[in-house]
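Everything on this sheet refers to the single structure shown next.
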Amino acid sequence: MYQIITGPLLWLTFLVFVGGLAWRVYTYIKGLDWKLDRVAYGTQTAYGVRGAARSIAAWIVPFGSQGWKVKPIFTILFFVFHIGIVVTPLFLAGHLVIFKMRFGFAWPALPMILADVLTVAMLCAGAFIIVRRIALPEVRIITSLYDYLLLAITIAPFLTGFMAVHQLGGDYKFWLYAHILSGEVMLLAVPFTKLFHVVGFFLSRGQLGMDYGIKRGGMKGDMAW
């Protein structure tokens, strides 16, 4: 079982994950109206690139944009949640061992204590996000079962991984297999669900920043973010 889910199934997961993301990026770019304002886009590229970079930077830095400053507690927990999602799996020692075995290379791992802190912080932030969606009427009204399902898909690999690493909750193999399978489910879901925002955010935010930068030019373009 272990050989299957960390071998052929893992390869298939990465193939669908990478291929699906590449297709979504391609269709996104292809869907843009490149004929619109083609003169401006061709002659003021520097303003566009600068505007895109500033727009992305403002939203990936805590409190970098006005939107983040309005709700500081949510902003902190939002970034804790996303930092945990990205950093922990990429630098977890156990993952890198498998990566080295299957793909032939790896990179330095996080100390286990730091990985634990990030995991627990991410799980706490995830719980807060769920409670917030239930408790606040203005958030609850725009939340569907689909949103809760995506949160469950996102949180499951971290919860099951923590249970497996620390051998909590009984059968170690159960939690290990649940961790691997739930992680693969999350990767498979990314190209086909709202989880695509892991890439789509940079595309849409870059597009908006570039559009403002080109159409307004100069300092106005710089301030568009």
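The values are calculated or read from the model by the stated rules, or taken from the named source; none is laboratory data. In this text the structure is predicted, and so the values were computed from the model without any measurement. Because the Cβ atoms are built from the backbone with ideal geometry, glycine has one as well, and the counts that use them run over all protein chains shown. These area figures cover heavy atoms from the full protein model, side chains too; ligands, DNA and RNA do not enter into them. Shrake-Rupley method; radii C 1.70, N 1.55, O 1.52, S 1.80 Å.
Relative to the dominant Cα principal axis of the chain, helix 72-91 is inclined by about 60°.
Full extension of the chain between Ile98 and Lys194 gives 31.8 nm of extra length, using 0.36 nm per residue less the Cα-Cα distance.
When the charge dipole of the chain is built from unit charges on Cβ atoms (+1 for Lys and Arg, -1 for Asp and Glu) and taken about the Cα centre, the candidate among Leu21, Ala57, Pro8 whose Cα reaches farthest toward its positive end is Ala57. In degrees, nearest 10, range 0 to 90: what is the angle between the Cα axis of helix 172-189 and the longest Cα principal axis of the chain? With rounding to tens, the tilt is 20 degrees.
Between 0 and 90 degrees, the angle of helix 45-60 with respect to the longest Cα principal axis of the chain falls at about 40 degrees.
Sorting Val80, Val70 by solvent-accessible area of protein heavy atoms yields Val70, Val80, largest first, with a 1.4 Å probe. Once the Cα-Cα distance is subtracted from the 0.36 nm per residue extended length, the Val86 to Phe74 segment shows a gain of 2.5 nm.
Extension gain Val18-Val131, at 0.36 nm per residue separation less the Cα-Cα distance, in nm? Working shown, then result.
On the way: separation 113, 0.36 × 113 = 40.68 nm, distance 3.25 nm.
Stretched out fully, the Val18 to Val131 stretch lengthens by 37.4 nm.
Treating only the Cβ of Lys, Arg, Asp and Glu as charged (+1, +1, -1, -1), what charge dipole size does the chain show about its Cα centre? Round to the nearest 20 debye. Display every interim value, and only then the final one.
Values: 19 positive and 9 negative charges, 133 e Å.
In debye, rounded to 20, the chain gives about 640.
Projected onto their three principal axes, the Cα atoms of segment 89-179 cover extents of 48, 30, 23 Å, largest first.
Please give the charge dipole size of segment 130-201, origin at the Cα centre, charges +1 on K and R Cβ atoms and -1 on D and E Cβ atoms. Round to the nearest 20 debye. Can you show the working numbers first?
On the way: 5 positive and 4 negative charges, 29 e Å.
About 140 debye.
Within the listed set Gly67, Gly183, Gly170, the residue fluctuating most in the Gaussian network model of the chain (springs between alpha-carbon atoms under 10 angstrom) is Gly170.
Once Rg and Dmax of the Cα atoms in Å is calculated for the structure shown, the corresponding label among (i) 20.3, 65; (ii) 17.8, 53; (iii) 18.1, 62 turns out to be (i). Considering only Ile214, Ile153, Ile141, the mean-square fluctuation computed in a Gaussian network model of the chain, springs between alpha carbons under 10 angstrom, is largest for Ile141.
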